[in-house]
Every structure is written in C-alpha cells, then in structure tokens.
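The values are calculated or read from the model by the stated rules, or taken from the named source; none is laboratory data. Bear in mind that the values here come from a model prediction, so they are computed numbers and not experimental data. Note: ideal-geometry Cβ built from the backbone for every residue, glycine included; neighbour counts use all protein chains shown.
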Amino acid sequence: MKRLLSATAMLLASAMMAQAEGELQLFNWGDYTSPELLAKFEKETGIKVTVTDYDSNDTALAKIEAGGAGFDLVVPSANYVPIYVEKGLVQELDLSKIPNHKNIAPEWLNVDYDPGRKYSIPWQWGTTGVAVNQKLYSGDINTSAIWLDPPPELVGKVNVTPEMNDVLAMATMYMGGEFCSDDAELMKKVRDKLIEAKPKWLSMDYGMTEKMSNNDVMASLYWNGAIFRARLANPDVKYGYPKEGYPLWMDQVMLLSDAKNVEEAYKFLDFIALPENAAMISAYARYANGIAGSEPFMPEDMKTAPEIVIPAELVSAGHFLSTCTGKGQEYITAIWTELQK
Amino acid sequence: MAERGFIVSRLPGFTTIALLVFAALYLPILVLVVFSFNGGDSLSQWGGFSFRWFAKAWENDQVKDATIRSLWLALVAALIATAVATAAALGTTRRKPFKGQTFIYVMINQPLMVPEIVTAVALLIFFAWFKVNLGYQGMGYLVAAHAGFCIPFAYLPIRARLESMDLTLETAAADLYATPWLTFRRVTFPLLLPGIIAGMMLAFVTSLDDVVITLFVKSAGQDTLPTYMLGQIRRQVSTEVYAISTMLLALTVVLLTAFFALTRKRD
Amino acid sequence: MASRAELERDKASDRAGWLLSSPALLILAVAAIGPLFIMLVYSFLIPGEYGNVEWGFSTDAWTGILFTRDVFDDTLRLEDAHLTILWRSVKLSLLTTVFAFLVGFPTAWFIATRPPKARALWLFLITIPFWTNLLIRTFAINEIIRAEGLLNTVLLWAGLIQKPLEIIYTDFAVFLGMTYVYLPLMVLPLFASIDRFDMRLLEAGYDLYASRWQVLRRIIVPVVKPGIVAGSILVFVPALGAYVTPRILGGGKQMMIGNFIELQFGQGRNWPLGASLSVTLLIIVTAALLVYVRFANRERGHG
C-alpha cells in the first residue's frame, strides 16, 4: 500500500513538473517589461517568458493581422483594443482561470473599450501632457497653449511627439471639440491651428526623457512617466495637465486567438493581477497600474509624484481616447498626414 | 626622369584627407566607448566612471540573446549573399552582352532601390502565408530576407573588381589547358579576393544594421540587437546599449588581433 | 562572318551567364521581387480603416502621388508637398554621394597604396566603426553635434564661437549623418577597383610630363570608373530611401521620402499609397541607374 502511494505521489509530482515547465511568448512595447517580474514568474511557475519588442501599435497590429508570428499575448493601447476584438484577433478570457481578476481597480473595470474587462488585463496607464523647463518659462503650464500658441520664450523650442492620436486629441479639445468629432467646421479649425503652430515647433521626436534631462529640448508634449524620469535627472522640468483636455491612455494584455501556450498565458494574466506584481511592473517603466491595492508596494517617489498623481482640479480634463471610425477617423488621418509633410 | 623622392603613387593631400577621414570616423566611436563607462543614469550627462552598464548588459538575457542572434544572422546572410553575388558577378561581366543581362543587373540591385519599409511590409504579408500554412516559424525567413537585401551590397564591389581586372591571365591559363574550374580556383579567385572580401564585409555590416525589415519579418522570440534598441527609442535609450556596442567592438579588436597574429606566423 | 564555333561559344557564354546568376535571382525572387509584386497589387487596392487593405480596385493611390483630395471640401489639388519631399531627398542624397566621393576617393587611394600586408589592416580599420550598430552610431553623432555636445563645448571653450551652433535637427545634420553612415559603401568598391590599378601607368604619365591633376583625370579615373559607379550607386540609392538617420538627426519635422512612405504604413493608414509611392520611386531610380551606368560604360573597352 505504502509503495503504491509513494509511486503515485512520484508520478503526480513528475506530471506536475512536466506541466510546470512551459514557455510563453509575450509581444510587448520595447523596454516595458520588468525582468524581475519575469524572473519571479518563472520561479513560481517554471514558465519561461520570451519578450519580443514592438515600437508602435500599428506595427504590432500589422504583424498580428498578417498571422503566423507565434505570439501568445500582446499589449495594445486602449483605442486599439476594439480593433483587435472586431477583427477576431483576440479571444475572450475565461475569467474562471483568472481568480485575481477581481483585483482590477473599480475605476478601470468598466472602460468603454472593454466593459467588464472580458478581453484584457490592465498593464499600465498614464497621461499625455505638457512638460516645460521652468528655467525658460515659469508661467502656467497646465494648458495646450504651450505647444499650440506658444509664449514667446518657447517659440521654436517646443517638441511635439509624433503620436497622431495624442496630438489630434489635444488639439481638438483645445479648439473646444471632442476627439473623433466628425464636425467638418471644427476639424478645419483644428487643422488650421496645427499647421499654423508647426513652424513654431523645434521637432517632432521621441526620447524626451533624455533630451529634457540634458536641456536639448526645453518643452514638449509627452507622456507622464518619461517626464517623471526626466525630472529626476533635471529638477527644472515640470509636468502640466492641459486644462482644455488631455489624453488618458492605458496598455493592457490580451490573449491572441491563435495563441499556442494558452494555459501558461492564463497563469501570467492571473499573475500580473496581483497587487505586488502590478507594482513591479509600475516600478520598472514608472507608470501607474490598474490593480487595486498595489499602493503599499509602489516605490516611494511614485506615490507623491505630480506626474503620477493628477491634481484634483485637473482630473476631469482627462479623457480616454475612443476608437474613431468613419468620417472622424478620416479627418484625423488626413490632418495628420498633412501636418507631417 | 623622376625627381628625387618622387613617389609615383602619391597624390597631394590625399593622405591628409584619408587620415582626417579615419579620425572623423572614429570620433563618434570614441564618444560611445567613453560614455559606456558613464556611471550616471543619463545617456549624455557624465556621472562618474563606472562598469555598471556593462554589468547590467551582461545580466540582461534579452540583450545577449538579441546580440548573438544578430551576429549569427549577419554571418550566415553575408556568406550566402557573397557566394551568390560572386557567381552573379562572374555571370554578368566580361562576356558578350546577352539578352537579359541588363534585366539581371536591375533585379540584383532592386533591393537597394525600394525603401525598406516597403520590402518589410511586403515580406510580412508574403511570409505570413507560409508561417500560417506550413507552421514553420524559424529563422529561415530572416535569413532569406537578409541574404536578399545583402546581395547588391556584395555584388557591386565584386563586379567593380572584376571589371578592373584584365583577362590576359585567365586566357593564359586557358592556353595552358586549364579547365574553367581550375582557372577560377587558381587564377580568378585569388585576384578577385579583395573584391569578395570587400563585398562580404559590406554585406555583413548591412545585415547587422537592418532594423525595419527585421522588425516586420521576425517571429516570436527573434529580436535582433537593432530591433531591441528601436524598441527602446520610445522609452529611454540607456547607456546599456553603449556598453553592448563597446563589448562588441572589443570582441572585434580581439578577433582581428588574433587573425593578424596568426597570419603573420605563416610567413 | 561568325563561324559556327564562335556562335556556339557565344551561346555557351550566354547560358553560363544565366546559370551563374540564377542562385542570386532565386533568392531575390523570394526576398525582393516577389514582395514587389505584392506591393504592385496593393497599390491598386483600397486602404483599410485601421491600416492594411481591403479588396477592391482603385486608382486612388496613383493619383494620390501628385494630387490630394482635400478631406473637407473634396477638391483635388496638386500636392506640392510631395514634390518638396522628393526634392529634399534627392538634394540630400546627391550631396551625400558627392561628398562621400570627395573624401572617400583619397581614403580608398590611401588604403590601396599601403604596403600589401598593411592594406588588409587599413581595410578592417575602416569597417570596424560599422560593426557598431547604426542606431548607436547615430546617437553618438547626436552626442557630438547637439547644443551642449562635444563639438559645441570644444568650440565655445576655444572661443571660436559665442553661441552654440544649432546643427542638430537641421538638414545639415542629416547630411552629416548620412555621409558618415554611407562612407564605407563608397570606399570599399573604390578600393576594390584602385587596388588593381597598375602604378606603371602613372609612371608613364609622369614621364610624358603630365601634371598630377592630369594624371588623376586622364589615367586614374577612367580605369577605376567601375568602382566609382559602384560606390555612387551604393550611396545614392539607399540614401534616397533612408529613414532612420533623417528621423533621429532631422527631428521629424522635415520628411524625406523614406519617412513619408513609412508614414503611410503607420499612422497614415494608407498602405496603397505607400505602395504606389514605392513603385514610383523604384521606376525613377531604375531609369536613372540605367542612364548612369550606360553613360559610364560608354567609353570603356575590354582588356
């Protein structure tokens, strides 16, 4: 009897070990995944996660749509989530396999683009705002006028990130409208405003963490986490939330329809919904996460940073960008292309 | 007759320009090597001397993986491209122009003429069919793609070399009843070697640098060093990439020194 | 009257030509030509809403090369911005090629006139910088030319300038970057040609009382012409389609044609237009290439 029991135990143990050894292919933004997180995950589950990088939502979408790339999980931004769902590129999550799903913070649970979070688990979220080197300009920076109607000190010194959605959203809200508006009159004004402002810009580039740290660029439209890192290196840098309206963005993890390592993927999705792991993700790229209860685990400087904690009076000016369709999308793309030329 | 000390091959100012060029070429390299020891967090602000980024790069599995993959891919692609380009160069020069020769020439140089993004997207679509229906997702696609766009880079120097060579030596060999293969091995190939080496080096560095095509063709887990770095551009390019480059450079220097030491011994 | 044997020999030569070229053509069929056909097809399709394409015939992408339909009032107008972008690219690429030749030729000559053993060393020395990745080299160049970078720091310290030179984010920066990046592509083919050059020809020239300049123009250049042609092509053509260097050093405000095409496959969401622009670029470059090569080969005989 004892021998049977121990034999069974050994069989079970080896079966479990065989199952625990697995792999997972994560397709994510570059420099966005904490190596410590992956190491911890591997230690706990034996699953090795391989991260492959992409540098834009469009590239990722193109590759996933073409098919056959071999990824299991992808991390798109909010306004791309409906596109993935509509094209059948991702599968609906079996929530029974993600017990930690309940940890998703209530304000991030029923988002427009994925009500009830049936398709995605939050990764990180942030805001797009305006950063200014206070040495050059110390006036009010909570406005998009910094880059659309720059004050004389900032003319020729502002960088505008080449992100179509962020730029068009902020410009539209500045002119009094809503993102995705298909009001021709309004969008014409938006276009004219942008074209008028472009000569006053220095560049349309990325890498502002570096460039604002070393005073190459004195003002920019950029993401909060990156500016946070810039400020840590250069205390003159200040982050502002345009009161006319600024974008809230969020990246979330989704399970691809043709994923091969489905069980491993579920383990990962469950893993990142734990507060202490979500805090690990945040600590790495310096953006907030969408899991409740992660505050105690967050790094100290992030708990009070103005780039992470939105001032109360400016909270309502933050809007998630919808996925534009039809005429609205046409206007945005056309204006963007014209602006770039 | 020639003046005292007149060196036939010397052209005034050429040496000065050449040396200035070398200096200018190495200046950015020097900058990056120096900055790879930058202890600070910023890419360009000096924060003291430190090995910290070397340690970080050494521990970064993703980066090590990507670097090795880049080197392997470049080597294989360059070898294939050079071999194939040598054959093509031999086939298209120094013979009576035949119908379609211009066509071949244009085809071979075509990868140069199309912006990479176009080839990249087209290959994504083209290879996707194979990936989905055949299930093969290995490095074969990247090798094919890289070998493809490396061919013109290998072909043009080899062809230039070939055109500058005269046929008398090979005709002499033929007169001495050497077979075409023997002529090639003993006469043509050694004479062609500088061109082949030039071509292979160009092909190698071209493959090593490619980012756009690799970005679109790669499958899961196939990041190369450039695609890894491109992913960083949107966030923060850290001194880690400088450290990696310095290590690669050091490796190159070591390999070259060994190579020269060995060839010197042969004499 | 061509004898039968001669004709046979010619045919064998032609066959050999095709046979030798076939491996290259095979790889290219898969990696370059096949994809090109896909692009051609795509240029006649309709852009998808979120990128990609939808099946449906349309010539919009072709008219879109020169004309834009104003999204608000639906009028068609000549898009001079496209021409500006093309002109900027051609201008910068030409400048890069010419300058690369001007500094590359002496460099190649220098290497080729070193003692044989040292030659290999110099050759490697010129390629080593290019073992460093393009992105990193570009960042290093940025490090040198930016406002508080190496160049400005040195010049300010030496008192040669009062204010930092604004080089970064200008066309000049892109030109510098491209010349740096494409230099070995000029030097290596030139070297391959010059290396074969028979110095006795030079002696003969000097014996005939030619000046150095005449020797250069009349003896050296014609013989190394294949190298010049190869080098120019290898620099001009990729420079025209360049995308990384203009993006990092140019600041993104002034596009070159490579960036513009890339935009269509990215946030511009117009793959067909990207395809049509590329095919057009290909046609223009192929035509220019054929003209150039034919012109360069006009006077050349065979040894």
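For the range A:130-147, the set of residues classified as in a helix (DSSP H, G or I) and surrounded by fewer than 24 Cβ atoms within 10 Å (Cβ to Cβ) consists of A:145 only. Suppose we keep only residues that are in contact (Cβ under 8 Å) with a residue 60 or more places away in the chain and under 30 Å from residue A:87 (Cβ atoms) within the range A:39-60. Which one would you say is nearest to the other protein chains (Cβ to nearest Cβ)? Among those that are in contact (Cβ under 8 Å) with a residue 60 or more places away in the chain and under 30 Å from residue A:87 (Cβ atoms), it is A:49. Filtering A:296, A:311 for residues that are free of Cβ contacts under 8 Å to residues at least 40 places away in the same chain, more than 30 Å from residue C:259 (Cα to Cα) and either of a type outside the set (Gly, Ala, Ser) or out of contact with any strand residue (DSSP E or B) (no Cβ under 6 Å at 6 or more places or on another chain) (or both) leaves a single hit, A:296. Farther than 24 Å from residue A:315 by Cα and surrounded by fewer than 20 Cβ atoms within 10 Å (Cβ to Cβ): is that true of residue A:185 in this structure? Yes, satisfied.
Selection within the range A:161-178: residues that are part of a loop (DSSP other than H, G, I, E, B) and within 13 Å of another protein chain (Cβ to nearest Cβ). The member of this set that is surrounded by the most Cβ atoms within 10 Å (Cβ to Cβ) is A:163. Scanning the range A:154-203 for residues being out of contact with any Leu (no Cβ under 9 Å at 6 or more places or on another chain) and either small (Gly, Ala, Ser) or within 22 Å of residue A:134 (Cα to Cα) (or both) gives a total of 6. Look at residue C:272 and say whether it is more than 9 Å from chain B (Cβ to nearest Cβ), buried (at least 24 other Cβ atoms within 10 Å of the Cβ) and part of a helix (DSSP H, G or I). Yes. Scanning the range A:320-339 for residues that are within 7 Å of another protein chain (Cβ to nearest Cβ) and either closer than 20 Å to residue A:223 by Cβ or hydrophobic (A, V, I, L, M, F, W, C) (or both) turns up A:334, A:336.
Condition check: of a type in the set (Asp, Glu), farther than 24 Å from residue A:194 by Cα and assigned by TED's automatic domain parsing to the domain that holds residue A:64. Does residue A:313 satisfy that?
For residue A:313, the condition - of a type in the set (Asp, Glu), farther than 24 Å from residue A:194 by Cα and assigned by TED's automatic domain parsing to the domain that holds residue A:64 - is not met.
A single member of B:145, B:178, B:87, B:174 is closer than 26 Å to residue C:241 by Cβ and among the small types (Gly, Ala, Ser), and it is B:145. Where helices (runs of 4 or more DSSP H) fall wholly inside the range C:72-150, the ranges with 1 or more residues that are at pLDDT 90 or above and surrounded by fewer than 18 Cβ atoms within 10 Å (Cβ to Cβ) are C:80-112.
The rows are residues; the columns are (1) of a type in the set (D, E, K, R); (2) more than 30 Å from residue A:326 (Cβ to Cβ); (3) assigned by TED's automatic domain parsing to the domain that holds residue C:34.
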residue	(1), (2), (3)
C:212	yes, yes, no
C:239	no, yes, no
C:242	no, yes, no
C:247	yes, yes, no
C:254	no, yes, no
C:277	no, no, no
C:286	no, yes, no
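Give the residue that is farthest from the other protein chains (Cβ to nearest Cβ), with candidates limited to residues of the range A:61-104 that are outside any helix (DSSP H, G or I) and among the acidic types (Asp, Glu). The selected residue is A:94. For the residues B:145, B:77, B:154, the requirement of being under 17 Å from the mean Cα position of the chain (by Cα), more than 30 Å from residue C:13 (Cα to Cα) and of a type in the set (Gly, Ala, Ser) singles out B:145.
Scanning the range A:193-202 finds one or more residues that are assigned to a strand (DSSP E or B), buried (at least 17 other Cβ atoms within 10 Å of the Cβ), free of Cβ contacts under 8 Å to residues at least 60 places away in the same chain and assigned by TED's automatic domain parsing to the domain that holds residue A:330.
Working carefully through the options A:181, A:220, find the one that is assigned to a strand (DSSP E or B) and either touching a residue at least 60 places away in the same chain (Cβ under 8 Å) or over 26 Å from residue A:300 (Cα atoms) (or both).
Details: A:181 fails: assigned to a strand (DSSP E or B).
Only one candidate passes the filter, namely A:220.
With respect to the conditions (1) of a type in the set (A, V, I, L, M, F, W, C); (2) farther than 30 Å from residue C:246 by Cβ; (3) modelled with pLDDT of 90 or more; (4) assigned to a helix (DSSP H, G or I), residue A:232 lacks only one, and its number is (3).
Somewhere in the range C:209-222, is a residue free of Cβ contacts under 8 Å to residues at least 24 places away in the same chain, surrounded by 24 or more Cβ atoms within 10 Å (Cβ to Cβ) and among the hydrophobic types (A, V, I, L, M, F, W, C)? Checked against the condition, which is being free of Cβ contacts under 8 Å to residues at least 24 places away in the same chain, surrounded by 24 or more Cβ atoms within 10 Å (Cβ to Cβ) and among the hydrophobic types (A, V, I, L, M, F, W, C), the range C:209-222 yields no hits at all. When we screen B:98, B:103 for residues that are at the interface with chain C (Cβ under 7 Å from one of its Cβ atoms), surrounded by fewer than 24 Cβ atoms within 10 Å (Cβ to Cβ) and out of contact with any His (no Cβ under 8 Å at 6 or more places or on another chain), the only hit is B:98. Quick check, is residue B:210 within 14 Å of chain A (Cβ to nearest Cβ), buried (at least 17 other Cβ atoms within 10 Å of the Cβ) and acidic (Asp, Glu)? Considered against the rule, which asks whether it is within 14 Å of chain A (Cβ to nearest Cβ), buried (at least 17 other Cβ atoms within 10 Å of the Cβ) and acidic (Asp, Glu), residue B:210 comes out as no. Checking C:194, C:233 one by one, the residue that is β-branched (Val, Ile, Thr), at the interface with another protein chain (Cβ under 7 Å from one of its Cβ atoms) and touching a residue at least 12 places away in the same chain (Cβ under 8 Å) is C:233 and no other.
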